[in-house]
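Report on the following structure.
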Amino acid sequence: MTHQALGGLKIIDLSQGVAGPYLAKLFADFGAQVIKLEPPGKGDKARFLAPLAEGVNGPEASGMFAYLNANKQSATLNLRSKKGADLVRRLCVESDVVIESYEPGALDGLGLSAAEMRRENPKLIVTSITWFGQDGPYSHFKGGDALCHALTGVTYNIGPKEGPPVLPGGYQAQFVGGVTAFIATMGSILGRANGHGGQHVDVSILEANLCFTETGVVSFAYDGECRGRQGINRYVPTYPACAFPCKGGWIGVNVLTPTQWHSLCDLIGRPDLKDNPNYSSSILRLEHADELDPILSSSFLDRSAEEWFHLAQSLRIPFALVPTMADLLSDTHFKDRRAFVSISHPDLDSFEAPAIPFKLLKTPALQGGASPRLGQHNSEIYKNHLNLSDSEIDQLKDEGVI
C-alpha cells in the first residue's frame, strides 16, 4: 500500500492500558508512525492483561496487548528520570501528537506538562485521556470500566426490576473512550491545518460513555420521571426488545414500529395480537409485557436462530442472531466485510481480532499487523530520531533510562 490516510503523521504514545493505546492504534492502522514509549522492564501494564499465552515470557504473553499495539514501534524510556524526560521533549519537537493517560498533573512534576511538551513545537497536539478528565472533583479518583458503567447510569437500567443492577464486563468503556479521543484528536489536527495551531485535548472516558444513557437523561430532563429498570429484556420506550430462546440458541427481537409489530404477529402465526388494543403501541406492549412474554417465548422454540433471522429480515423486522464467539468469527457478513483481521507478535501465534470499525475506501487501513516486543525499536528510534550513538544508547541502558 503506497498511500494511507494518516501517513506522514508522527505520534508519541505515552499511554498505557486500553483506551489510550486503542486511540494510538487507530492512528497506526491508518499509516501514522506511532512510537510507543514504555517503562523499562515490564512495559505497558496492558502487557499483563489476559488472555496470556502459556510458556511465553511475561511482557510478551498478552493477546490484548498485541491487539492494541499492532503496527506500532516500541521503545523503552523511564519518564521519571531527568534524562528520560529530556528525551521525550526532544522527540516532541518533530512530532504531531502526544497521547498520554497519566493521572492529571502527574507529568507536570517531571517537566512533561502539555505546555512543556509544546514549548518548542507549538503545533504539537497533546491528548490526555483519563477516566474523569483533567479537572473536577473526581479527577484524581481511580477509575474502571464497571465504575464508568455505574456512574453514567448504564448499570441502573440493566437487570431485574427489583435489582440488583447488572454490571457489564470487559473494556467497553475504554474502547468508547479511545474512539472518542481519536475523533477529538483528528478534530484538532484539522483545526491545526486551518491555522489554529496545536492544543491540549482533554478526554474523559466517563463523559465519553454518557452517550449510552441519552434516552434516560433527556426523558428525565423533560418530564422529571426516573423510569429505571423495567426488568430483564425490558427497556423504555419499546417492547419487544428482547432475546428469546429458540431451537439451539437465542434470537434477538427488536420491534420499533406498528408495521414491524404487525409483521411479527403474522410471522409467529398470531395475527390476533395485531388488533388487541393493549398491544397497539410499544409503550402499551411494555406495560403488558408479563402477558406477552410467555406468548412470544413459546413462539420461537420450533425454529433455529438462523431461520428466524432470515425470515424476519425478509419481512424487514430487525431480528438478530445472538452468536457465540466462535459464531462471530465464522459469520459470512463479517467475513465479507473483513471485520476481523490477523494480529501477530514475534512470540505469539497469530490470531483474529476486530478490525478498525470504519472504512476509508480510497485509503484503507492496514489489515491486521504485527505488535512489537518490549523495546524492540530502541536502536532505531534513538539513532534515527535523536541521533544518539551506540555508546550513548548503551550508557542510557546502563543508567536505567531506557
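The values are calculated or read from the model by the stated rules, or taken from the named source; none is laboratory data. Note that the structure is predicted; figures quoted are calculated from it, not measured. Note that each Cβ is placed from the backbone with ideal geometry, even for glycine, and that neighbours are counted across all protein chains shown. SASA here: full protein model, heavy atoms, side chains in, ligands and nucleic acids out. Shrake-Rupley method; radii C 1.70, N 1.55, O 1.52, S 1.80 Å.
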- Counting only residues that are surrounded by 13 or more Cβ atoms within 10 Å (Cβ to Cβ) and hydrophobic (A, V, I, L, M, F, W, C), which one in the range 218-233 is modelled with the highest pLDDT? 232
- Residues in the range 256-280 that are among the polar types (S, T, N, Q), open to solvent by less than 80 Å² (accessible area, probe 1.4 Å) and either under 35 Å from the mean Cα position of the chain (by Cα) or closer than 17 Å to residue 318 by Cα (or both) total 3
- Message: Going through 343, 268, 295 one at a time, which residue ends up being on the phi < 0 side of the Ramachandran plot, β-branched (Val, Ile, Thr) and touching a residue at least 40 places away in the same chain (Cβ under 8 Å)?
- Response: 343
- So, in the range 154-172, of the ones that are in contact (Cβ under 8 Å) with a residue 60 or more places away in the chain and open to solvent by less than 20 Å² (accessible area, probe 1.4 Å), which residue ends up farthest from residue 212 (Cα to Cα)? 163
- Being at pLDDT 95 or above and surrounded by fewer than 23 Cβ atoms within 10 Å (Cβ to Cβ) is the filter here, so list the residues in the range 57-69 that pass it. 59, 60, 61, 63, 64
- Please identify the pairs in which a residue from the range 56-69 that is in contact (Cβ under 8 Å) with a residue 12 or more places away in the chain has its Cβ atom under 7 Å from the Cβ atom of a residue that is open to solvent by 10 Å² or more (accessible area, probe 1.4 Å) and of a type in the set (Ser, Thr, Tyr), counting only partners at least 6 apart or on another chain. 68/22
- Note on the structure: Of 136, 109, the only residue that is surrounded by fewer than 19 Cβ atoms within 10 Å (Cβ to Cβ), assigned to a helix (DSSP H, G or I) and out of contact with any helix residue (DSSP H, G or I) (no Cβ under 8 Å at 6 or more places or on another chain) is 109
- Per-region count, the range 234-255, residues open to solvent by 20 Å² or more (accessible area, probe 1.4 Å), within 13 Å of residue 321 (Cβ to Cβ) and aromatic (Phe, Trp, Tyr): 1
- Starting from the range 199-211, keep only residues that are crowded, with 17+ Cβ neighbours inside 10 Å, then list their pairs with residues that are basic (Lys, Arg) whose Cβ atoms are within a distance under 9 Å, requiring at least 6 positions of separation or different chains. 199/118; 199/192; 200/118
- Quick check: is even one residue across the range 120-131 crowded, with 16+ Cβ neighbours inside 10 Å, touching a helix residue (DSSP H, G or I) at 6+ places or on another chain (Cβ under 9 Å) and among the acidic types (Asp, Glu)? no
- Complete set of residues in the range 230-279 that are part of a strand (DSSP E or B) and over 30 Å from residue 154 (Cα atoms): 247
- Report, by residue number, each residue of the range 139-153 that is buried (at least 16 other Cβ atoms within 10 Å of the Cβ) and either in contact with a Lys or Arg (Cβ under 8 Å, 6 or more places away or on another chain) or over 13 Å from residue 205 (Cβ atoms) (or both). 153
- Message: Test of understanding: among 399, 380, which residue is among the acidic types (Asp, Glu), closer than 27 Å to residue 62 by Cα and open to solvent by 50 Å² or more (accessible area, probe 1.4 Å)?
- Response: 380
- Query: Is it the case that some residue within the range 38-50 is among the acidic types (Asp, Glu), in a loop (DSSP other than H, G, I, E, B), surrounded by 24 or more Cβ atoms within 10 Å (Cβ to Cβ) and more than 15 Å from the chain's Cα centre (by Cα)?
  - Reply: yes
- Query: Quick one: is residue 78 open to solvent by 40 Å² or more (accessible area, probe 1.4 Å) and in contact with a Pro (Cβ under 7 Å, 6 or more places away or on another chain)?
  - Reply: yes
- Query: Residues of the range 310-323 being farther than 13 Å from residue 245 by Cα, touching a residue at least 24 places away in the same chain (Cβ under 8 Å) and open to solvent by 50 Å² or more (accessible area, probe 1.4 Å), which ones?
  - Reply: 311, 315, 316
